[in-house]
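Below is one structure, written out as C-alpha cells; the observations come after it.
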Amino acid sequence: MTITTAKRSRLTIDIPPEVKRRLRLASAQRDVSMREYVLQALEERLAEDLPPMAEREGLLALTARSDPVLAELWDNEKDAAYDRL
C-alpha cells in the first residue's frame with residue numbers, strides 16, 4: 001500500500017487567545033480540525049481576492065498587442081517609467 005502526500009508548506013501565525021478560542025469552537029461546530037477550518041477559510045478568501053487562472057488569462061488577453069487603443073496608451077515614454085519600477 002503506497003501512501004502519497006502532497007507537498008506542503010508550513011505557515012506559523014500568532015493569533016490572540018480569543019481568536020483561537022473562537023476558531024476552536026467554530027471548527028468543532030463544523031466537525032473539522034482547526035487546520036482544515038483555517039485552510040478552507042483561506043481558500044475561500046483567496047478565491048474572492050484572486051480569480052481562478054482561466055479568468056486571469058482572460059484579463060491578460062487585454063494587452064497592447066490585442067488592442068491598438070491600449071497600445072497607444074501603454075506604449076509611451078511616460079508609461080515606460082512604470083516598467084522600470
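Things to note:
- Positions within region 5-33 being surrounded by 10 or more Cβ atoms within 10 Å (Cβ to Cβ) and either at pLDDT below 95 or part of a loop (DSSP other than H, G, I, E, B) (or both), in sequence order: 15, 30, 32, 33
- Yes/no for residue 83 being surrounded by 10 or more Cβ atoms within 10 Å (Cβ to Cβ), modelled with pLDDT under 70 and of a type outside the set (A, V, I, L, M, F, W, C): no
The values are calculated or read from the model by the stated rules, or taken from the named source; none is laboratory data. Remember, predicted model here, so these are calculated numbers, not experimental data. Virtual Cβ from ideal backbone geometry, glycine too; neighbours counted across all protein chains shown.
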